[in-house]
Amino acid sequence: MYNVRNVAEGIYWLGASDRRLELFENAYPVPNGMSYNNYVIIDDKTCLVDGIDDAVTRQFMENLDHVLAGRTLDYMVVHHMEPDHCSAIPELLTKYPDMKIVASQKAIQMIDQFYHLKVDAVAVKEKDTLELGKHTLNFIAAPMVHWPEVMMSFDSYTGAFFSADAFGAFGAMSGNIFADEVDWEKDWADEARRYYANIVGKYGAQTTAVLKKASALDIRMILPLHGHLWRKDFNLLLDRYNKWASYTPEKDSVVIFYGSVYGNTANAADILAMKLAEKGLKDVRVYDVSKTTVSELVSRAFEYSKIVFASSTYNAEIFDHMHTLLTDLENHNLSNRTVGIIENGSWAPTAGKKITEILGNMKNMTVLEPLVSVKSSLDGTSLAKLEELADALTAK
Ligand code: FEO
């Protein structure tokens, strides 16, 4: 009947997971499903902290009913007005007509935009507080992490930090909702990075600003809207977030992305990978951009210090899937990477020039020499250039 967990004095997690979802935001594959967290604070006043996605609203309403144990709901704090956390607002207002919504002014406006509701709401801004009894929520503005209306809050009684979309991850959760109850590094870190890079990655400066504000708080628990909750090992998570938000790579190695029509560009990519391994480089990765989801490729670009783009020329342009990847990386503000380029073309190879142009729009991207140009398939000349590129990629 209910799926609820007490996570701190007077604070209950009552999220739910959707394991049937194929694409989060109708864009990002979630082979392991998606979790939606929300919390209820039971004190002199009762307060729901964020809502839930449409797909799991029924379970959420049952959980909420259980936690309230006959009490009404006094407040709903809306940290983030994206519908994956707010779809239940109309139903909540029907069931709890006296419930006051507490949110930023922008979020209140969005409630009207999404649901055409003029709600009884309290607008809050940075440094405002909501007193619930022993618990007091202190609001922190977090614009563009991930939408402009986002607020976070810190409960000065328990040290719980409600971090909205920050510190989230793709993937459904089972009963072990705390990161220290799973092998997070082995099983979840990749999906946390893929989530950050794709959902929040464009807004590194804004994320860094919020991390700075958070560092001044005595945080004892991090309670995000997706993925695991944190009550220890904060440094593990904060270290990753500081890197991702500042576009600092985690791994000093090479990831090779290739777009290949007949396999010859793929062959060049594989031979380069072998050369890098022979020169002592570990954890080299190779991806076919036509096969692997762009969200995974963006995530790997955030992880690795060096990237090689190997692309066929197609319609005198970059091969389509590679073009999509490059523009996605540009849109996500990827910076500070060392790059190698391999182009292929049977009569007029121009992909390399076009790739260089896109990289020129990105910050602090160092393009290595030589640009390896393949005519249809590798020959002695292009193989020698590939060797030179391998040397450049492994140079100290
Ligand atoms: Fe989980 Fe930006 O919504």
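The values are calculated or read from the model by the stated rules, or taken from the named source; none is laboratory data. This one's a predicted model, so the numbers in the text were calculated from it and none came from an experiment. So basically every Cβ, Gly included, is an ideal-geometry build from the backbone, and we count neighbours across all protein chains shown. For accessibility, only protein heavy atoms count, side chains too; no ligands or nucleic acids. Shrake-Rupley method; radii C 1.70, N 1.55, O 1.52, S 1.80 Å.
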- Note on the structure: Expected max-MSF residue from Arg240, Arg194, Arg71 in the GNM of the chain (alpha carbon, under 10 Å) is Arg71
- Item | Solvent-accessible ranking of His321, His80, largest area first, probe 1.4 Å | His321, His80
- Query: How much length, in nm to one decimal, is gained on full extension between Lys118 and Asp218, taken as 0.36 nm per residue of separation minus their Cα-Cα distance?
  - Reply: 32.4 nm
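Magnitude of the Cβ-charge dipole of the range 252-394, K/R +1 and D/E -1, about the Cα centre, nearest 20 debye?
80
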- Item | Point-charge dipole on Cβ atoms (K/R +1, D/E -1) for the chain, about Cα centre, debye to 20 | 680
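May I ask you to give the percent of accessible area on the chain that is carbon plus sulfur, with a probe radius of 1.4 Å?
Within the chain, the accessible surface is 49 percent carbon and sulfur.
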- Task: Pop out the ³J(HN,Hα) list for the range 159-171 in order, Karplus 6.51 cos²θ - 1.76 cosθ + 1.60 with θ = phi - 60°, rounded to Hz; leave Gly and Pro as x.
- Result: x, 7, 10, 8, 9, 6, 6, 5, 6, x, 7, 6, x
- Of Lys100/Lys202; Lys232/Lys306; Lys127/Lys232; Lys134/Lys212, pairs whose Cα-Cα distance is over 28 Å: Lys100/Lys202; Lys232/Lys306
- Fully extended contour minus Cα-Cα distance, from Glu126 to Val261, at 0.36 nm per residue: 43.3 nm
- When the solvent-accessible surface of protein heavy atoms is calculated with a 1.4 angstrom probe, in what order do Val339, Val119 fall, highest first? Val119, Val339
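If you stretched the chain out fully between Gln105 and Asn333, how much longer would it get, using 0.36 nm times the residue separation minus the C-alpha to C-alpha distance?
Gain on stretching Gln105 to Asn333: 79.3 nm.
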- Provide the solvent-accessible area of Trp13, counting protein heavy atoms only and rolling a 1.4 Å probe, rounded to the nearest 10 Å². 20
- Cβ under 12 Å from Pro370's Cβ, Pro370 left aside: what net charge do those residues give with Lys, Arg +1 and Asp, Glu -1? -4
- Query: Any idea what angle helix 264-278 forms with the longest principal axis of the chain, computed on alpha-carbon atoms, 0 to 90 degrees, nearest 10?
  - Reply: 80
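Provide Rg over Rh for the chain; use the alpha carbon set for both Rg and the Kirkwood Rh (inverse mean inverse pair distance).
1.06
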- Item | Lys/Arg +1, Asp/Glu -1 at C-beta; the chain dipole; positive extreme among Leu297, Ser260, Asn364 | Asn364
- Which of Val284, Gly133, Ile199, positive extreme of dipole for the chain (C-beta unit charges): Val284
